[in-house]
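Working notes, structure below.
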Amino acid sequence: MNRIICGPPGAGKSTYVRTHKEHGDLIVDLDELYRAVSGLAGWQKPEQLVDYVLSVHKFMIDRINPEPSMNKYPNAWVIISGARKEDREFMQKKLNADVIVLDVPASECLRRSEQDDDRIGHGIPWGKLIRQWWDEYERG
């Protein structure tokens, strides 16, 4: 099965996938791709690596067969922000996927971000990014 997991920063998208994945599943997560190529926390995205990471991300997405039984792995999990309905629908159609939106309240996302050791001290305005996601979020 192909699945798309969406939500604001701090919603628990990666945690959700780690909890529900099976052995051998494919996980496509921009934060983890940044971590793999930079050695930094996934929240740190050096600008000089953007093109590399986005190329790998696109390659991985393009390799997912929309007919899940044709994939070599049990499930594909694609983690995206997905605030905009159009973005979720595009990915859903492209991958013939189920979409799961973790619409965790902004206050809870901020609390989680403030308690996450990987996120603390990197100068990233989590509150602003969380509010931005909620401002852009389109239900449905």
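Pairing residues of the range 69-90 that are of a type in the set (Phe, Trp, Tyr) with residues that are open to solvent by less than 70 Å² (accessible area, probe 1.4 Å) and part of a loop (DSSP other than H, G, I, E, B), at Cβ distances under 9 Å and at least 6 apart in sequence or on separate chains, gives Tyr73/Gly24; Tyr73/Asp25; Trp77/Asp25. I'm checking my understanding of the structure. Among residues of the range 56-75 that are open to solvent by less than 40 Å² (accessible area, probe 1.4 Å) and outside any helix (DSSP H, G or I), which one is farthest from Asp29 (Cα to Cα)? Within the range 56-75, the match that is farthest from Asp29 (Cα to Cα) is Asn71.
Scanning the range 126-140 for residues that are open to solvent by less than 70 Å² (accessible area, probe 1.4 Å) and either outside any loop (DSSP other than H, G, I, E, B) or at pLDDT below 90 (or both) yields Trp126, Gly127, Leu129, Ile130, Trp133, Trp134. The set of residues in the range 95-116 being open to solvent by 50 Å² or more (accessible area, probe 1.4 Å) and touching a Pro at 6+ places or on another chain (Cβ under 7 Å) consists of Asn96 alone.
When Val17, Val53, Val28 are checked against the criterion of being open to solvent by less than 10 Å² (accessible area, probe 1.4 Å), assigned to a helix (DSSP H, G or I) and in contact (Cβ under 8 Å) with a residue 24 or more places away in the chain, a single residue qualifies: Val17.
The values are calculated or read from the model by the stated rules, or taken from the named source; none is laboratory data. Quick caveat, the model's predicted, so the values are computed rather than measured. All Cβ positions, glycine included, derive from the backbone under ideal geometry; neighbour counts span all protein chains shown. Quick note on the areas: whole protein, heavy atoms, side chains included, nothing else; ligands and nucleic acids left out. Shrake-Rupley method; radii C 1.70, N 1.55, O 1.52, S 1.80 Å.
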